[in-house]
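Since every read-out is calculated from the coordinates, none of them should be taken as a lab result. Keep in mind that this is a model prediction, so the values were computed, not measured. Cβ atoms come from the backbone with ideal geometry, glycine included; neighbour counts cover every protein chain shown.
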Amino acid sequence: MNAARLGEIVGRFPAFSVAVLGDFFLDKYLDTDPDLAEISVETGKTAHQVVSIRTSPGAAGTIVNNISSLGAGEIHAVGVTGDDGEGYDLRKALLARRCRTEGLLALPGRLTATYLKPRNRRAADLAGEHERYDTKDRAPLTREAEDGILGYLESLLPRVHAIAVEDQVEEKGRGVVTARVRERLAELGRAFPEKIFWVDSRARIGLFRNVMIKVNAREALKQAFRVGADEPADADVMRALAELRARMGRPVFVTAGRRGIWTSDPEPVLVRAVSVPEPTDPTGAGDSATAGAVLALCAGATPPEAALVANLVASITVQQLATTGTASPAELGPRLEMWLSQG
């Protein structure tokens, strides 16, 4: 990769449309000022005083944030929310990022998934974060909702170049990517080999077929051989890579933290990461890497080139503390220079 090749790839990003399907969360930050804290008369406990509220799309929405900031063309959100205030805020934030929300179904009686993040505004780093409060709907997705999601996705296929799937909710049957949705994705991946189907799943990546997958090295071994290791040896990662590649029928990307990303095609290779100084915040780094890789693949990048673009994007977002960061096309060139200078 050199500057000219990177410019060629990134310059094509505006020509591509992407659908992001999966679990959309609202990241809701409550910025508190400790100097204004009060003691509750009723309970005697500290009443933290909120001085500002920030909201941002999270989980699958983090992919949207970065696809938008990288300059993609049309973006579509496909998933579900509740018919509530958090759902309104999530849609508003997605629209601000040029993402269409007709495919984001508002279901009465359902809770919009929300990460509530109180934090000390006077501490810019992770030390300022209080305990987080998560809202997830505990009810299974209805068949009617599955029909709506799949119907909208299939109507989009002629208009989009890639489908990025974020299977965030770990509880079985509670998120958007149910067994039925997963099976249909496998059928669509087989029927439309020219489309890029990219999947990231926290708990079920080994169950997908006919799609590209992103998985960390530890989970790759677990899914391939039902064994795990905190720091897998390279030889074991390559064996897992080959096994998952055979199952998926499409390229596989295995993340290895600060080392970089393994890719399977045309042969197993580790594309090293960009080394950046501390402090860093890994929140959303994997989703930002997904955005970079998916758009690069749309632009004709090889899997190793896409892995490098993913590394460049992630190296930028991890340096944005206490938020789910984004990267812009203008930042990628200097970051490639940094990567090249590191040998």
* **Ranked H76, H161, H130, criterion: other C-beta atoms within 10 Å, fewest first** => H130, H161, H76
* With r as the distance between the Cβ atoms of R184 and S40 and R0 = 56 Å, compute the FRET efficiency 1/(1 + (r/R0)^6) and round to 0.05. => 0.65
* Asked: Are there any helices in the chain, counted as whole DSSP H runs, that stretch 15 Å or more along their axis by Cα and score at least 0.5 on average by Kyte-Doolittle, and if so which?
  -> 285-298, 303-317
* In nm, what is the difference between 0.36 nm times the number of residues separating A124 and I53 and their Cα-Cα distance? -> 24.0 nm
* Structure fact -> With the charge dipole of the chain built from beta-carbon charges (+1 for Lys and Arg, -1 for Asp and Glu) about the Cα centre, the Cα from S52, P268, F24 projecting farthest to the positive end belongs to P268
* Determine the equivalent ellipsoid of the stretch 155-200 by diagonalising the alpha-carbon gyration tensor, then write out the semi-axes as square roots of 5 times the eigenvalues, largest first, rounded to whole Å. => 21, 11, 9
* Asked: Longest span of the chain, sites excluded, free of GluC sites (Glu not before Pro) in DSSP loop with at most 16 other C-beta atoms within 10 Å?
  -> 195-343
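What does the convex hull of the Cα atoms of the stretch 44-145 come to per residue, in Å³, rounded to a whole number?
Expressed per residue, the convex hull around the Cα atoms of the stretch 44-145 is 141 Å³.
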* Structure fact -> Note to self, the chain gives a 222 nm [θ] from helices alone (DSSP H runs n ≥ 4, -39500 (n - 2.57) apiece, / all residues, nearest 500) of -11500 deg cm²/dmol
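Treating the beta-carbon of each Lys and Arg as +1 and of each Asp and Glu as -1, no other charges, what is the dipole magnitude of the chain about its Cα centre, to the nearest 20 debye?
Here the size comes out at about 700 debye.
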* Structure fact -> Length-normalised contact order of the chain, Cα under 8 Å, at least 6 apart, in percent, tallies to 17 percent
* Among the lysines, select those whose C-alpha is under 25 Å from the C-alpha of K195, and discard any that sit fewer than 8 residues away in the same chain. => K214
* Asked: Excluding same-chain residues fewer than 8 positions from K136, which lysines have a Cα within less than 19 Å of its Cα?
  -> K28, K117, K172
* About the Cα centre of the stretch 151-266, how large is the charge dipole given +1 on each Lys and Arg Cβ and -1 on each Asp and Glu Cβ? Please answer in debye to the nearest 20. => 220 debye
* Structure fact -> GNM on the chain, Cα springs under 10 Å; top mean-square fluctuation among A191, A310, A60 goes to A191
* Structure fact -> When the chain is treated as a Gaussian network with springs between alpha carbons less than 10 Å apart, the largest mean-square fluctuation among P14, P282, P158 is found at P158
* Asked: Just in the stretch 34-116: which trypsin sites (Lys or Arg not before Pro) are loop by DSSP and have at most 11 other Cβ atoms within 10 Å?
  -> K45
* Residues with amide H under 5 Å of H76's amide H, sequence separation 5 or more or different chain, H placed in the peptide plane at 1.01 Å from N; which? -> V18, A19, V20, R100
* For the stretch 154-224 and the stretch 80-119, what is the separation of their C-alpha centers, rounded to whole Å? -> 22 Å
* To do: Excluding residues on the same chain fewer than 8 positions from K222, give the aspartates and glutamates whose Cα lies under 20 Å from its Cα.
  => E166, D167, E170, E171, D200, D230, E231, D234, D236, E243
